[in-house]
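Just below is one structure, and these are the notes that go with it.
None of the figures in this text is laboratory data; all of them are computed from the coordinates on show. What you are looking at is a predicted structure, and each value in this text was computed from that prediction instead of being measured. Cβ atoms come from the backbone with ideal geometry, glycine included; neighbour counts cover every protein chain shown.
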Amino acid sequence: MKILFLGVGEAFDENQPNNSHLIITDKTKLLLDCGYSVPQQLWRFNKDPNFLDAIYISHQHADHYFGVPAVLMRMWEGGTGRSRPLTIISEKGFKNQFEKLMDLAYFGFKDKFKFEIKIVEVEEGQDIDFQDLRLSFNKTIHSGENLAVKVNDGKNIMAYSGDGSPVQGTDFYKNLDLLILETYLYNQEKIGHSSVVSGIKFAEGNNVKTLALTHLNRDFRKNDLPKVRDEIKSDKVKIIIPEPLDEYSL
Ligand SMILES: [Zn+2]
């Protein structure tokens, strides 16, 4: 499994695209979240309209799914558009929101697409198989209903929190090879977000091998992160703070 960090920013960072990551295995390309500044990152990486197999949307905040209409429109338009189905996986109620979003963004165009869009609605505690991947879901504590996703390709297991701090005391995050965790401030808890310090503690307690810190507050990332970067470490967990388009292999 290879991870490409397309964007690592919070919602309103002028320098960083929204939090979004590509999972790449031999058989599958799965995009995790697709906020409004993500389509350009995806196209910088790969322009092929048939490239993606599926998109996972963690929750219905604009910085996590308002990029979907543009991604679908570019798959359709142009001479050799997409031909094969695309799956979109998200929480209950997504299908209805998706229809509204497409109508607002590009009214009537979805009916012209030459490819099928399969919406799969999931809930906490459910496991689904998608190609060579098994996906599981767990709620986080956030200002909207958000489902973290765990991805198992049979060799490695990673999880992506989406937004929100993870719920303590579950087995969901135990022994992960990689946890991509949204964090916001350094050591202050803000409701609905992890901090760098609490995130590291959480990863240590769950025997996570590598922790990727993303979604850092824009001012913290720009002004304070360089000063405290050396203090962000752990004896037990490897910690990375990726930049957009960085790759990480498991
Ligand atoms: Zn959110």
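Name the residues in the stretch 25-48 that are under 17 Å from residue 86 (Cβ atoms) and surrounded by 22 or more Cβ atoms within 10 Å (Cβ to Cβ), would you?
30, 31, 32, 33, 34, 38, 39, 42
Scan the stretch 141-158 for residues that are away from the ligand (no atom under 14 Å from the Cβ) and either buried (at least 23 other Cβ atoms within 10 Å of the Cβ) or farther than 23 Å from residue 2 by Cβ (or both) and report the count. Lay out the reasoning, then the answer.
Applying the first criterion (away from the ligand (no atom under 14 Å from the Cβ)) to the stretch 141-158 yields 149-158.
Right, trim to either buried (at least 23 other Cβ atoms within 10 Å of the Cβ) or farther than 23 Å from residue 2 by Cβ (or both) and you get 149, 151, 158.
Final tally of qualifying residues: 3.
For residue 156, which of the numbered conditions (1) without any contact (Cβ under 8 Å) to a residue 60 or more places away in the chain; (2) more than 16 Å from residue 89 (Cβ to Cβ) fails to hold?
In the conditions (1) without any contact (Cβ under 8 Å) to a residue 60 or more places away in the chain; (2) more than 16 Å from residue 89 (Cβ to Cβ), residue 156 misses (1) alone.
Being in a loop (DSSP other than H, G, I, E, B) and farther than 15 Å from residue 209 by Cβ is the filter here, so list the residues in the stretch 234-248 that pass it. So that I can check it myself, show each step before the final result.
Our first condition is that a residue be in a loop (DSSP other than H, G, I, E, B); within the stretch 234-248, this holds for 234-237, 241-245.
Once the filter is applied, which keeps residues that are in a loop (DSSP other than H, G, I, E, B) and farther than 15 Å from residue 209 by Cβ, the stretch 234-248 yields 241, 242, 243, 244, 245.
Given the options 189, 99, 124, name the one that is in a loop (DSSP other than H, G, I, E, B), of a type in the set (Asp, Glu) and touching a helix residue (DSSP H, G or I) at 6+ places or on another chain (Cβ under 9 Å). If you could, list the steps in order and put the result at the bottom.
Details: 99 fails: in a loop (DSSP other than H, G, I, E, B); 124 fails: touching a helix residue (DSSP H, G or I) at 6+ places or on another chain (Cβ under 9 Å).
None of the others qualify; the one that does is 189.
Since residue 84 meets every condition but one in (1) surrounded by fewer than 14 Cβ atoms within 10 Å (Cβ to Cβ); (2) among the charged types (D, E, K, R); (3) outside any loop (DSSP other than H, G, I, E, B), which condition does it not meet?
Going through (1) surrounded by fewer than 14 Cβ atoms within 10 Å (Cβ to Cβ); (2) among the charged types (D, E, K, R); (3) outside any loop (DSSP other than H, G, I, E, B) one by one, residue 84 breaks only (3).
Just the residues that are among the aliphatic types (A, V, I, L, M) and more than 9 Å from the ligand (Cβ to nearest atom), please, taken from the stretch 58-72.
Here is the first cut: in the stretch 58-72, the residues among the aliphatic types (A, V, I, L, M) are 62, 68, 70-72.
Of everything in the stretch 58-72, those that are among the aliphatic types (A, V, I, L, M) and more than 9 Å from the ligand (Cβ to nearest atom) turn out to be 68, 70, 71, 72.
Only one of 189, 145 is within 16 Å of the chain's Cα centre (by Cα) and of a type in the set (Asp, Glu). Can you tell me which? Even if it seems obvious, please write down each step before you answer.
Details: 189 fails: within 16 Å of the chain's Cα centre (by Cα).
Of the residues listed, the single one that is within 16 Å of the chain's Cα centre (by Cα) and of a type in the set (Asp, Glu) is 145.
So is residue 22 in a strand (DSSP E or B), of a type in the set (A, V, I, L, M), on the phi < 0 side of the Ramachandran plot and buried (at least 19 other Cβ atoms within 10 Å of the Cβ) or not? Let's see the steps before the verdict.
Working: in a strand (DSSP E or B): yes; of a type in the set (A, V, I, L, M): yes; on the phi < 0 side of the Ramachandran plot: yes; buried (at least 19 other Cβ atoms within 10 Å of the Cβ): yes.
Considered against the rule, which asks whether it is in a strand (DSSP E or B), of a type in the set (A, V, I, L, M), on the phi < 0 side of the Ramachandran plot and buried (at least 19 other Cβ atoms within 10 Å of the Cβ), residue 22 comes out as yes.
Any residue in the stretch 93-112 that is in contact with a strand residue (DSSP E or B) (Cβ under 9 Å, 6 or more places away or on another chain), aromatic (Phe, Trp, Tyr), within 16 Å of the ligand (Cβ to nearest atom) and under 19 Å from residue 54 (Cα atoms)?
Yes - at least one qualifying residue is present in the stretch 93-112.
Out of 63, 48, report the one residue that is free of Cβ contacts under 8 Å to residues at least 12 places away in the same chain and among the acidic types (Asp, Glu). Walk me through it before giving the result.
Working: 63 fails: free of Cβ contacts under 8 Å to residues at least 12 places away in the same chain.
Result of the check over 63, 48: 48.
May I ask you to say which residue of 31, 6 is in contact with a helix residue (DSSP H, G or I) (Cβ under 9 Å, 6 or more places away or on another chain), within 26 Å of residue 220 (Cα to Cα) and part of a strand (DSSP E or B)?
One residue alone meets the criteria, 6.
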